[in-house]
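Quick notes on the structure that follows.
The values are calculated or read from the model by the stated rules, or taken from the named source; none is laboratory data. Computed from a predicted model, the values in this text were never measured in an experiment. Every residue, glycine among them, receives a Cβ derived from its backbone with ideal geometry; neighbour counts consider all protein chains shown.
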Amino acid sequence: MPLYEHIKRQMAEAILVGSWPPGTVLPGEVALAARFGVAVGTVRRALSDMTAEGMLARRRKTGTIVTGRSPHHNLRNFFQYFRLHGGSGSLLRSTARVLSLVGDTASEAEASIFGLQSGAELIRIQRLRLVEQKPVMHETMAIPAARLPDFPQQATELPQLLYLHLLERYGIRLSAVRESVTAALASDEDRRLLELPSPAAILVIDETAYDQSGTAMLICRHRATTDGYCYLNEIS
């Protein structure tokens, strides 16, 4: 995938989760290039595509502005690590609430995926995703601690845009994801966090995300309600 596509995903995530709300005037091309660690030409291509798709607008004397419109005809250009959509297929704006942030040791299965020794130190993060203040998904992540020196120690310090933080702070760009999707009955924890009745069905997405070198960087299990929502994955 071309580098400018990765930059589009990073910028689209900022729009999707509300970090860049409609009306936001983006920094200049030079500042964005420095932020993402790429050439100005790469940023210019990403901005040009996003403008053509309607996410951004160029205004003389003002600069590049977030329009608030989503390119529903081309959803793959949005950040693809969160694909929960409304029943109509519309892309949802979500926020993440950190429930816990702890240090732990890797199981044999996790160590095998990460290429570490069993018992290596991991960072575990549990988050709750909300759409319009309604809980729709909770997720548990594991990340090798050795790759993230000086990672936030408190849940309140964790950035809302975790993947963007990995890129900006550590130079780690998540470039590929492998997922398995299954259905399950909601557990007691699912019902409590997602405010579900009993019994209820949920979607379970097991994900491994890889960095730009192809090394496993993150293991995550998402558990989501599908009541009024769908999990959409487009390949084109």
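Restricting to the stretch 1-48, and then to whatever is among the polar types (S, T, N, Q) and modelled with pLDDT of 90 or more, can you tell me which residue is nearest to GLY86 (Cα to Cα)? It comes out as THR24.
Residue-by-condition table, conditions (1) touching a residue at least 12 places away in the same chain (Cβ under 8 Å); (2) part of a strand (DSSP E or B); (3) surrounded by fewer than 18 Cβ atoms within 10 Å (Cβ to Cβ):
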position: THR156; (1), (2), (3): yes, no, yes
position: LEU166; (1), (2), (3): yes, no, no
position: ALA176; (1), (2), (3): yes, yes, yes
position: GLU179; (1), (2), (3): yes, yes, yes
position: LEU196; (1), (2), (3): yes, no, yes
position: GLU207; (1), (2), (3): yes, yes, yes
position: CYS220; (1), (2), (3): yes, yes, no
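Within the stretch 87-112, the set of residues being at pLDDT 90 or above, farther than 13 Å from LEU162 by Cα and surrounded by fewer than 17 Cβ atoms within 10 Å (Cβ to Cβ) comprises LEU99, SER100, VAL102, GLY103, ASP104, THR105, SER107, GLU108, ALA109, SER112.
Among the residues of the stretch 17-70, which ones are in a helix (DSSP H, G or I) and of a type in the set (D, E, K, R)? Within the stretch 17-70, GLU29, ARG35, ARG44, ARG45, ASP49 qualify. What are the residues in the stretch 147-165 that are closer than 23 Å to ILE113 by Cα, of a type in the set (A, V, I, L, M, F, W, C) and in contact with a strand residue (DSSP E or B) (Cβ under 7 Å, 6 or more places away or on another chain), if any? Across the stretch 147-165, the qualifying residues are LEU148, PHE151.
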